[in-house]
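These notes are about the structure you will find just below.
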Amino acid sequence: MRIDTKNPAGQTPPQPCVLGVERSVMGRAWMPRLTDDRLSLALAQRLDLPEIVARVLAGRGVGVEEAEAYLNPSIRSLMPDPSTLMDMDAAASRIAHAIMEGETVAVFGDYDVDGATSSALLARFFRALGQPLRIYIPDRIIEGYGPNAAAFERLAGEGIRLVITVDCGTLAFAPLEAAAAAGLDVVVADHHIAEPGLPRACAVVNPNRIDDESGLGQLAAVGVTYLLIVAINRTLRQAGYYKDGKEAPDLLGLLDLVALGTVCDVVPLTGLNRAFVFQGLKIMARRKNVGLAALGAVSRLDGLPGTYHLGFLLGPRVNAGGRVGKSDLGVRLLVTEDAQEAEELAAVLDMLNKERQAIEAQVLQEAIGAVEAGMMHGARNKPSPVIVAKGRGWHPGVIGIVASRLKELYDRPALVVAIDEKGMGKGSGRSVAGVDLGRAVTRALEAGLLVNGGGHVMAAGLTVDAERLDELEAFLAIELETQVAAAGENRSLRLDGAVAVSGATRALHDLLMQAGPYGAGNAEPRFAVPSARIVRADVVGQNHVRCIVTDGTGGRLKAIAFKALGTPLGDLLMDRNAGMIHLAGRLKPDDWQGRNDVQLQIEDAAPAIRQVGS
């Protein structure tokens with residue numbers, strides 16, 4: 001019998017909430033990700049998949065025909081012709097010419113993980129060709145984000161003829177004019193949102209150019225850079241460069257760097273990005289890159305690497321040099337072939353990461369205080385659609401992380417601005433799903449409110465005169481109000497199913513990994529754990545609530561809610577009289593001290609009583 005999912009009026013009826021939770025302690029409705037079980041049944045039968053894996057695939061819109069390729073994404077099948085990007089052929093031709101003619105070339109990279117991995121990609125490619133490459137990473141405090149005239153003049157004075165900018169350059173109009181005046185050719189490889197006009201350069205390779213029709217705008221800069229070296233390699237091959245025993249570099253062997261940059265820049269893990277990460281994790285598991293191997297050691301990464309390890313263990317340490325230390329430490333680690341140097345650099349980055357955490361905690365506390373004071377004394381009758389926190393003396397190296405924390409706390413786009421002694425503010429912003437912060441910042445730049453600025457959908461950076469911060473906040477509030485309101489209306493927690501405590505096993509986690517890797521745009525599976533009871537709860541680390549959970553099945557499960565202390569979620573978990581509660585979260589591996597177990601990362605909870613209206 002045909003199942004009709006429409007009501008008589010022809011409209012899809014509202015879906016019932018999972019476990020009847022219409023409003024959790026975090027103010028969210030729990031909704032099923034999959035609204036029609038027929039697709040998951042078809043996937044399970046056709047591909048002989050476990051039902052839970054089929055359900056996860058179906059919940060992400062994977063159809064029967066593409067499921068097999070989705071489960072084993074290959075670079076070969078998803079790799080586009082690099083020439084589909086605007087200016088790619090011109091860029092590859094200019095760089096290949098420099099290689100064949102022995103010109104001195106430099107890469108100018110941003111100081112974050114995406115910039116470091118992009119720079120390291122080019123450095124390793126040039127090294128494999130036996131060619132030197134000068135790496136220049138600007139100092140975050142002294143030089144700020146992006147290319148600058150002084151750096152270009154310095155490089156020209158060193159005899160550099162060609163500069164490749166990675167993860168920056170699209171909006172560097174004046175600096176690229178200065179580069180041309182200094183006699184430099186510049187190739188830009190970037191992914192940040194562009195203005196209608198482009199800077200003076202030999203080529204601007206950026207899938208987010210307004211005139212680019214490649215459909216690759218989801219790539220991180222490291223993905224764009226990888227396509228660039230593929231195009232350079234092809235150009236060299238066509239020119240007969242590989243002869244007399246000269247071999248082409250192993251480009252697939254560089255995918256560990258592409259995976260790291262892609263995950264850490266929080267771009268959607270769909271399509272080509274997912275293939276980059278899927279294959280790159282396999283390369284990383286071989287530990288051939290001595291720098292990444294050393295970083296894994298200080299991060300206590302013992303097992304197979306996953307997206308969590310890249311985003312939360314390796315990435316922050318690569319970033320630490322650019323945030324609170326020397327900006328080139330991360331890229332030096334990623335390109336070194338010396339095991340001893342790698343160990344030393346990894347140890348320094350690990351130390352700097354601890355220092356970064358301490359600075360971050362202080363700035364976050366002050367930022368929350370400033371935001372709360374502004375809300376208390378603000379004239380608005382409703383909260384602003386964007387959180388803006390500003391402070392003098394804040395370390396600009398941690399403002400991006402603090403913005404991310406504020407975004408999570410207030411569930412709105414957040415901008416944190418560190419004002420220096422000259423009255424100039426360096427700002428970093430993070431957005432929520434459905435709100436394009438990069439476009440708003442670019443429009444603020446076009447409106448003359450900023451000295452510099454740019455970004456992409458989920459993140460942005462800017463430089464602003466402190467005296468114009470109120471104007472900027474008002475501009476962003478108007479620009480983002482409709483998007484934030486729409487995002488708020490769609491605010492819910494999407495769940496892939498329910499699992500009993502005794503069913504939350506490592507075997508289940510490993511089954512779910514068949515549909516990975518997970519990340520932005522390819523959400524990690526989330527489950528409800530119904531009618532659970534907290535056996536024990538305590539506080540560990542930086543305000544994390546750790547629990548032991550049980551239920552009527554007799555099993556026990558370790559669980560943790562990060563940064564939950566003092567929040568409604570933390571209060572419920574710590575309440576000894578809470579009784580039975582529903583939990584929602586993600587299953588994570590627990591490999592500590594050789595374990596092969598699993599724990600629940602709690603994201604939400606609700607009292608285990610029938611919700612009003614359910």
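Below is a table of values for the structure above.
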| read-out | value |
| --- | --- |
| Degrees, to the nearest 10: 88-101 long Cα axis against longest axis of the chain | 50 |
| Reachable lysines, given that their alpha-carbon falls under 17 Å from the alpha-carbon of residue 588 and they are not under 8 places away in the same chain | 558, 563 |
| Ascending count of other beta-carbon atoms within 10 Å, so fewest first, for 152, 475, 312, 527 | 312, 475, 527, 152 |
| Pairwise label distance in nanometres, residue 142 with residue 35, each label 7 Å out on the Cα-Cβ vector | 5.6 |
| Helix 37-47 vs. the chain, principal-axis angle (Cα, 0 to 90°, nearest 10) | 60 |
| Cα-based Kirkwood hydrodynamic radius, the stretch 116-245, one decimal, Å | 15.5 |
| Label-point separation, residue 433 to residue 64 (7 Å along Cα→Cβ), nm | 2.8 |
| When the stretch 379-491 is reduced to its Cα atoms, the Kirkwood hydrodynamic radius in Å | 13.7 |
| Sequence-separation-based contact order of the chain, relative, with Cα cut under 8 Å and 6+ spacing, percent | 13 |
| The stretch 85-351: radius of gyration and largest Cα-Cα distance (Dmax), Å | 17.3, 51 |
| Which of 98, 548, 147, positive extreme of dipole for the chain (C-beta unit charges) | 548 |
| Extension gain (nm, one decimal) between residue 485 and residue 506, 0.36 nm per residue minus Cα-Cα | 3.6 nm |
| Phi-based couplings in Hz for the stretch 26-32 (Karplus 6.51, -1.76, 1.60; Gly and Pro marked x) | 9, x, 10, 7, 9, 10, x |
| Cα-projected label distance for residue 478 with residue 48, points at 7 Å along beta-carbon direction, nm | 6.3 |
| Proxy reagent accessibility, fewest Cβ within 10 Å first, across 43, 583 | 43, 583 |
| Nearest 10 degrees, 0 to 90: helix 113-128 Cα axis against the chain principal axis | 50 |
| Electrostatic dipole magnitude of the chain [Cβ: Lys, Arg +1; Asp, Glu -1; Cα centre; debye, to 20] | 1580 |
| Neighbour cut-off at most 13 other Cβ (10 Å), DSSP loop, GluC sites (Glu not before Pro), the stretch 314-406 | 337 |
| Square roots of 5 times each gyration tensor eigenvalue, C-alpha, the chain, largest first, Å | 41, 29, 24 |
| Neighbour-count ranking [beta-carbon atoms within 10 angstrom, fewest first] of 94, 287 | 287, 94 |
| Cα-centre dipole for the stretch 222-266 with unit charges at Cβ (Lys and Arg positive, Asp and Glu negative), debye to 20 | 260 |
| Placed amide H near residue 454: partners under 5 Å, 5+ positions off or other chain | 461 |
| √(5λ) per eigenvalue of the Cα gyration tensor, the stretch 248-380, largest first, Å | 32, 20, 12 |
| Shape category assigned to the stretch 292-441 from the gyration tensor of Cα positions, a/c cut at 1.5 | prolate |
| Computed lengthening from residue 540 to residue 347, 0.36 nm per intervening residue step minus Cα-Cα distance | 67.0 nm |
| Rg(Cα)/(2.2 N^0.38 Å) for the stretch 508-614, N = residue count | 1.10 |
| J(HN,Hα) series, the stretch 155-162, from Karplus relation 6.51 cos²θ - 1.76 cosθ + 1.60, nearest Hz, glycine and proline x | 5, 4, x, 7, x, 5, 10, 9 |
| Cα-based equivalent ellipsoid of the stretch 70-193: semi-axis lengths in Å, sorted from largest, via gyration tensor | 25, 18, 14 |
| For the stretch 219-245 versus the stretch 490-556, the gap between their alpha-carbon centres in whole angstrom | 44 |
| Distance violations [Cα-Cα > 18 Å] among 354/407; 390/422; 246/282; 243/288 | 354/407; 246/282; 243/288 |
| Orientation-averaged projected area, Cα convex hull of the stretch 205-295 (nm²) | 7.3 |
| Residue 244/residue 338 FRET efficiency (R0 41 Å; Cβ-Cβ; nearest 0.05) | 0.90 |
| J(HN,Hα) series, the stretch 561-567, from Karplus relation 6.51 cos²θ - 1.76 cosθ + 1.60, nearest Hz, glycine and proline x | 10, 6, 6, 8, 4, x, 9 |
| Using a Förster distance of 60 Å, the FRET efficiency for residue 149-residue 592 (Cβ separation, nearest 0.05) | 0.75 |
| Stretchable slack from residue 424 to residue 210, in nm (0.36 nm times residue separation minus alpha-carbon distance) | 74.0 nm |
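Throughout, read-outs are computed from the coordinates displayed, never taken from laboratory work. Since this is a predicted model, take the numbers as computed values, not measurements. Neighbour counts run over all protein chains shown; Cβ positions are idealised from the backbone, glycine included.
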